[in-house]
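The values are calculated or read from the model by the stated rules, or taken from the named source; none is laboratory data. Model, not experiment: these values are computed from the prediction. Here Cβ is always computed from backbone atoms with ideal geometry, including for glycine, and neighbour counts include all displayed protein chains. Areas reflect the complete protein model, heavy atoms only, side chains present, ligands, DNA and RNA absent. Shrake-Rupley method; radii C 1.70, N 1.55, O 1.52, S 1.80 Å.
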Amino acid sequence: MNSSYNKHTSAGNQSIEQQKILALFRDEWITTGIDDAGVDFCSQTAQYLQKQRMSASYVRNIFGELKRIETRGFEKNRIDFYMLRPKVAYATARAKERNMDMSLLYEVYKKMTPCVCDARTFKNMVNMIEAIIAFHKAFGGKE
């Protein structure tokens with residue numbers, strides 16, 4: 001069996017490890033709030049991203065935009081929220097050019113966003129992303 005097959009499966013370029021982490025995601029963490037399993041998910045995501053040499057500086061702009069939307073009010077800034085998805089995709093592609101893999105963060109973001117429908121669910125998503133960033137730093141993630 002070729003090593004490429006072992007590393008990646010039919011789910012595009014996602015590694016088996018990424019797929020296992022993504023399979024743990026629960027919509028309820030966005031719709032109703034995070035629990036212990038959600039915190040563990042954030043920790044596992046951050047640990048993977050740290051191993052892939054993701055730089056926090058690539059996430060800082062995205063997180064800053066999320067916090068701006070939160071401050072200004074989600075309802076008034078829905079378009080800005082929707083436009084973040086292409087920005088996350090762009091940051092992911094730029095990171096890849098620099099031999100950093102933040103594709104898991106993009107995949108997690110894509111799983112979270114359909115669950116966001118109001119200010120409360122938006123806040124839950126922001127909290128989870130903040131937890132991923134905090135764990136990433138705690139695991140020795142680089143700036």
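Protein chains only, probe 1.4 Å: how do L66, L24 rank by accessible area, largest first? Display every interim value, and only then the final one.
Values: L66 0, L24 75 Å².
Per-residue accessible area, sorted high to low, gives L24, L66.
Pull out a ≥ b ≥ c, the square roots of the eigenvalues of the alpha-carbon gyration tensor of the chain, then state rounded if a/c is under 1.5, prolate if not and a/b is larger than b/c, and oblate in the remaining case.
Since a/c reaches 1.5 and a/b is larger than b/c, the shape of the chain is classed as prolate.
Expressed as an acute angle from 0 to 90° and rounded to the nearest 10, what is the orientation of the C-alpha long axis of helix 36-51 relative to the principal long axis of the chain?
The angle comes out at about 50 degrees.
Can you work out the accessible area per residue across the range 1-138, with the rest of the protein chains kept in place, probe 1.4 Å, in square angstrom?
55
Need one value: the accessible area of S57 in square angstrom, 1.4 angstrom probe, rounded to the nearest 10.
Estimated to the nearest 10 Å², S57 gives 50 Å².
Separation of the range 109-143 and the range 53-98 by C-alpha centroid, Å?
If we compute the Cα centre of each part, the gap is 11 Å.
Please find the FRET efficiency linking R72 to K51, where r is the Cβ-Cβ separation and R0 is fixed at 35 Å, and quote it to the nearest 0.05.
Plugging the Cβ-Cβ distance into 1/(1 + (r/R0)^6) gives 0.50.
Step through the table entries K67/K110; K20/K110; K20/K76; K20/K67; K20/K123; K87/K137, compare each Cα-Cα distance with 27 Å, and write down the pairs that go over it. Kindly include the intermediate steps, with their values, before the conclusion.
Details: K67/K110 18 Å; K20/K110 16 Å; K20/K76 36 Å; K20/K67 29 Å; K20/K123 25 Å; K87/K137 22 Å.
In this structure, K20/K76; K20/K67 exceed 27 Å between Cα atoms.
Could you compute the longest span of the chain free of trypsin sites (Lys or Arg not before Pro) located in DSSP loops and having at most 16 other Cβ atoms within 10 Å, not counting the site residues?
99-143
Relative contact order for the chain using alpha-carbon pairs under 8 Å, separation at least 6, rounded to a whole percent?
Rounded, it is 40 percent for the chain.
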